[in-house]
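*Asks:* First, the structure itself, so that you have it in front of you.
Bear in mind these aren't lab numbers, they're just calculated from the coordinates by the rules spelled out. Owing to the predicted nature of the structure, the values given are computational and were not obtained by experimental measurement. Note that we place each Cβ from the backbone using ideal geometry, even for glycine, and neighbour counts take in every protein chain shown.
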Amino acid sequence: MPTDSLERARATLAGAARVTALTGSGISAESGVPTFRGAGGLWRTHRAEDLATPEAFTRDPRMVWEWYAWRQEVVALAEPNAGHAALAALERRLEPGAFTLVTQNVDGLHQRAGNTEPLELHGTLWRVRCTECGEERALIEPVTESLPPRCALCDGIERPGVVWFGEELPEEVFEMAVEACRRSDVVVVVGTSGVVYPAAALVEIARAAGATVIDVNPEARGPDSERRIALAGPAGTILPALVR
Ligand code: BV8
Ligand code: ZN
């Protein structure tokens, strides 16, 4: 990645009054958490898109829960990496309200790195919800009881607190993310393939509102333009250099 792109990105970021970071599974790759569409997107013989659906859960709640319990184990053993830490440092450095972190990830690594209230567009591995009475509870460790877990109140089957394909995103969370992208001077997009909607639309919303988009991804390709800077490389290396 040409150093002038990095210098231009650093200068743009330094001059921004409002910044939004939009992250995908790529930011957690260096923590050992598999991405969706890379080689890690497979579990046994299943693709993530086929498991992360209400239909799969209805058909085989136990098998879907085996996948989620496995992911909880992987994440519980993972540590936030230098990329997560850089975004936490950025939040601390900017005025309150001047930084918004929007994530498609459900691993909770941004919170563990120190970001205070990331907007979790697709929910989180660390909450479950009863499919019968709606009772929700937070998890502090992977589910280890027999799968699927059952509700303490009504014995209903509990589901992971994530947004599956075909399900609506939490409305108020998405609206806050749209608002942040509309008002930001700079949007730093990290580790997402931009395949999944409506999350992927946020980048277009920011660009249409006049933001400069900094794209941090090993596959980020130029050409750079007035309001797009591609920083090709892993988040764990690029973000600390960008935020330094
Ligand atoms: C909805 C939670 C409204 C669960 C997830 C056809 C066309 C367009 C849209 C659709 C369509 N058919 C269906 C749809 C809609 C669908 C969709 O977009 N499908 C896609 C597959 C086409 N969207 C939905 O269903 C959404 N809901 O639309 O509701 C509605 C409602 C009812 C009826 C009609 C409509 C809900 C989507 C949410 C799904 N849930 N996750 C769970 O985690 O188990 S999505 C899942 O994918 C994760 O959240 C993940 O974040 C997300 C996106 O993937 P990425 O994060 O981008 O990860 P990916 O592997 O793809 O890319 C990794 C990137 O990192 C790569 O670019 C790689 O180069 C880079 N990278 C690798 N290493 C590094 C790195 N970058 C930096 N550093 C590194 N070291
Ligand atoms: Zn219940």
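*Asks:* By how many nm would the segment from Ala209 to Thr58 lengthen if fully extended, with 0.36 nm per residue of separation less the alpha-carbon distance?
*Replies:* Roughly 50.3 nm would be gained on extension.
*Asks:* Could you state, as a whole-number percent, how many of the C-alpha pairs of the range 82-237 are farther apart than 28 Å?
*Replies:* Tail of the P(r) past 28 Å holds 28 percent of the pairs.
*Asks:* Thr212's amide H: which non-local residues (gap 5+, or another chain) put their own amide H closer than 5 Å, with H modeled 1.01 Å from N in plane and none for Pro or chain starts?
*Replies:* Under 5 Å from the amide H of Thr212: Val186, Val187.
*Asks:* Taking the Cα centre of the chain as the origin, how large is its charge dipole in debye, to the nearest 20, when only Lys and Arg (+1) and Asp and Glu (-1) carry charge on their Cβ atoms?
*Replies:* With Lys and Arg at +1 and Asp and Glu at -1, about 660 debye.
*Asks:* Work out the length of the dipole vector of the range 99-196 about its Cα centre, built from +1 on the beta-carbon of each Lys and Arg and -1 on the beta-carbon of each Asp and Glu, and round it to the nearest 20 debye.
*Replies:* Result for the range 99-196 is approximately 260 debye, rounded to the nearest 20.
*Asks:* Helix 82-93 versus the longest principal axis of the chain: what angle, 0 to 90°, nearest 10, using Cα atoms?
*Replies:* Computed tilt is about 70 degrees.
*Asks:* How would you rank 26-32, 53-59, highest first, on the average number of other Cβ atoms within 10 Å across their residues?
*Replies:* Order by mean packing, descending: 26-32, 53-59.
*Asks:* Please determine, in degrees from 0 to 90 and to the nearest 10, the orientation of helix 61-77 with respect to the longest principal axis defined by the Cα atoms of the chain, where the helix direction is its Cα long axis.
*Replies:* 50
*Asks:* Compute the long axis of helix 171-183 from its Cα atoms, compare it with the longest principal axis of the Cα atoms of the chain, and write down the angle in degrees, 0 to 90, nearest 10.
*Replies:* 10
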